[in-house]
Every structure is written in C-alpha cells, then in structure tokens.
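Taking it in order: structure first as structure tokens, then the write-up.
Please treat every number below as a calculation from the coordinates, not as lab data. No experiment lies behind these values; they were computed from the predicted model shown. When we count neighbours, we look across all protein chains shown, and the Cβ atoms used for this are built from the backbone with ideal geometry, even at glycine.
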Amino acid sequence: MAEIGVRVGVAGDFEDVSELFGAAMMFDPSPNELGRQLFEPERALVATDGGEVVGTTRALTRDLSVPGGVVAAAHVTGVGVKATHRRRGVMSALITRQLREVPEAIAVLWASEPGIYGRFGYGAATWGTAYEVDLHRVGPPSVRIRPGELGELTADDALKELPPLLRSLQERRPGVSGRSELQWQRRLEDKKDDRHGKTARRILVHRDETGAIDGYALWRGKLNWGATGPASEVSLQELVALEPTAYKALWQHVLTLDLAATLEFEYAAVDEPLQQLVTTPTALNRRVNESLWLRVTDVARALEQRRYAVPVDLVLDVTDDLIPANAGRFQLTADGTTARCERTDDPADLTLSVTELGAIYLGGRTLAEFAATGRVTEHTPGAVATVTSAFTWPIAPVSIEVF
Ligand SMILES: CC(C)(COP(=O)(O)OP(=O)(O)OC[C@H]1O[C@@H](n2cnc3c(N)ncnc32)[C@H](O)[C@@H]1OP(=O)(O)O)[C@@H](O)C(=O)NCCC(=O)NCCS
C-alpha cells in the first residue's frame, strides 16, 4: 500500500470515479449532468496510484427513517477498486477513513456481497423480501375500482406530486431513505440504457375520494410469448400506499395486467401486508435477503436519535475496533418519548460490538438472535431481553431502493 494514497475527491474526479465504479461492477457507466450534480466531491474519497484513480467510495447526504424519527444518515455508495489493485487493502483504507470522518451518527449502504462490510462494523439491519410472482396462481386482492381511482402521471407531474407520499412513508416505517429534488429526478429518470428491453416506466397513482393522491407504483413491462401463449413480465420498482384502499387497488392493478405471467419486485418488507391479500401466498415466491446495512459511527448520538418500544435503563459495554471514541460503557436511559445515552463508569449490563448495535438499530433484528450465537455477553440477567424488547419496533424496516 506504500505507493497508494487516499485523498478527498474534487469535482473533476466525477468521470474517473464513475468509470472506475462501472468497471468494478461490470456495467458501462453513462455519466450525465444529473449524475454530476448528485456527485458530492467533498464526500468522496479517492485512492490513487501514481496519479491514477484506483479506488473510490462516496457518501450521499440523505436522511433515513429510524424508529421514532427521521435522521441524517451517510448513504455510502460507489465503493469500487480497480481489478488490478484488488486485495491490497485499498477498500479497507477507504472505508476506514470514511467511517472515521462522516459527520452523521450512522452510515448505511447496500452491499453487492454480504461478506464485505461486516469486518468494518456494519450490521445487516434490514431484511428485504424479493417476489417472483406467478400471476396465474397467486389470486390477487379482490377489489372494485371506481372510475377515476387509478390514473397515470408524467414524470414531471410525479416530481411535484409524489415527494410528500415518501415522507409519509418515512413517518410510518424505519429504513426508508429520503430524497432531495435531485434524487427524485434520478429516481424518475428513464434512460433507454436502463430499460434492458422493458417498456418506459409507468407511474401509476391512486386517488382517494377527494382526488388526492394517496399511493403510487412505478413499474415497467416486457412483452414475452411462451409455448402456450402470452407470458409477459411486470417489473415493479416501487409501491407506496398510505391507506389500505390505495394499497389493495395498486397491488390488484399490477397483479392483473393483461398478458402478464410474472411480476418481479425486490423491495417488499418482511411483514408486507400483501401476503394476507392474495389467495396463494406461496405463489409470491418469496426470497429473503439482506438489504440495508447500518454502521453506528457515534454510539451516544445514534442511540439518542431513535425511540424505544419500552422503557430501558442499562449500561452497554460497546467494542469498536475502528472508531476508538465508540468503545466503552454507555448508560442508555429511555422511555417512550425521550432517550439519553452518555458515558459512564458503572458496571456493564451487557457487552456487544458495534456490529450488533448496527444490526438491531432499525428494529428489524433482535439482540436475542445475536445472544444465541454468543456474540453478546449478558452480565445482568434479563439485560438481553430488555434490549430486545426496547429496540424492536411495531413495524419492520424496509429499504425501498438501492442507492
Ligand atoms: C469489493 C472491493 C471493493 C474490495 O476491494 P479490495 O481493495 O480488494 O478490498 P481489501 O483489499 O481492502 O479487502 C479487505 C478484506 O475484505 C475481503 N473482501 C474483499 N472483497 C470481498 C468480497 N467481494 N467478498 C468477501 N470478502 C471480500 C478481502 O479478502 C480482505 O479480507 P482479509 O483482510 O481477510 O484478507 C473490490 O473487490 C471491488 O471493487 N469489487 C467489485 C465491485 C464491488 O462489489 N463493490 C462493492 C459495492 S457495494
């Protein structure tokens, strides 16, 4: 590593960073003006070898819903190392520095492979559910749609109409990333290169009896014919519904499109209500995988930023190999509405590493799960049960987009 340096990015790095990440992930990048505007050079780190860019990591300034609130979270993305420079510690140098420098109390990312980020103290905090729905078997929700209830929007209108719905979803579910106007533009961008043989994106909306939009779905279709007839594919990208009527109508619509045989959706929650509404849930063909990984970068601030399901008052002994300021004992005292977390010299009720703290932070996993494999040491009987009850949340977290 002696010859490889790491520096903060500058605006002129945009092309090199895009090129390098595309090559590392095996896609041809098509950097455009929107991508350039979304690039935050001062939040990028660049590894160079004799002036050549050989590794990058970036952070996006976004917020994230957590139990009881919406907080700033560094959204880490674009992690890549040139194939000729792999396994020489370049990523480790980039990620370690990034974690020590981000101003937010938590960092989140989607991992290309689950083996990469645990060593840096990230915990898999959210399970995502992917569907590959057999539309001929599933038995969609049976609802009567009144005229005018469903319609479509142009991307320009969607940019104005949809942001409040995402903010409402953030108030209801942890794990949801907020979007600035530029990030909404990126979400609704519809470049031909991104379609992979599918149609242009459709923006379906549901309106309540007053005409207000209370749900939307983003989807594409792909014409296909099988040996026995039409076998088209529906690719659902995002479905947000604020009310049960909207939820049922939107799902019924996308599950009953003419000619379609399958529907793919990668971003369902583990407690997705759809499973109650179809007659054959097994035909959803569910697969559960890690989605959002979370790293606590400032223990006291992070634990004060969320709310707890039941009162808690105990001392956590946290270990952290990368961020020394996180290691040590913290008194966490919380009731339903307030939370305090500060350093203490009192004896610990339990010992855990920052990785477990990240995994349970959004309420999607329990400390009891980690105690069962010996990753948590309980010094006071009942401490694991108390933390498990306090950190869980009535609704599972979900991350609805890869960023
Ligand atoms: C993943 C990637 C960034 C790793 O970069 P790197 O510079 O080779 O990583 P390092 O040399 O710092 O590796 C540190 C450790 O992580 C391990 N590791 C690296 N990549 C890994 C992977 N894909 N899966 C599992 N472990 C991995 C290394 O073996 C090493 O372990 P060790 O310390 O026990 O030897 C790089 O290989 C890459 O760009 N891959 C393709 C793009 C990608 O997947 N990016 C991540 C997007 S989320």
Check: Hey, among the residues in the range 109-133 that are aliphatic (A, V, I, L, M), touching a helix residue (DSSP H, G or I) at 6+ places or on another chain (Cβ under 9 Å) and not in a loop (DSSP other than H, G, I, E, B), which one's farthest from the ligand (Cβ to nearest atom)?
Finding: Val133
Notebook entry, point to check: Of everything in the range 73-90 that's assigned to a helix (DSSP H, G or I) and more than 7 Å from the ligand (Cβ to nearest atom), which residue is farthest from the chain's Cα centre (by Cα)?
Noted result: Thr84
Item checked: Odd one out for Glu104 among (1) closer than 14 Å to Val296 by Cβ; (2) within 16 Å of the ligand (Cβ to nearest atom) -> (2)
Next item on the list: Pick out the one residue from Ala93, Ala158, Ala59 that is assigned to a strand (DSSP E or B), surrounded by 15 or more Cβ atoms within 10 Å (Cβ to Cβ) and touching a residue at least 12 places away in the same chain (Cβ under 8 Å).
Entry: Ala59
Check: Looking at (1) touching an Asp or Glu at 6+ places or on another chain (Cβ under 6 Å); (2) farther than 30 Å from Pro273 by Cα, which is the one condition that is false for Gly50?
Finding: (1)
Check: Consider Pro147 against the criteria (1) over 24 Å from Leu250 (Cβ atoms); (2) assigned to a loop (DSSP other than H, G, I, E, B): it satisfies all of them except one. Which criterion is unmet?
Finding: (1)
Next item on the list: Tell me, yes or no, whether the range 355-364 has at least one residue that is in contact (Cβ under 8 Å) with a residue 24 or more places away in the chain and either assigned to a strand (DSSP E or B) or among the polar types (S, T, N, Q) (or both).
Entry: yes
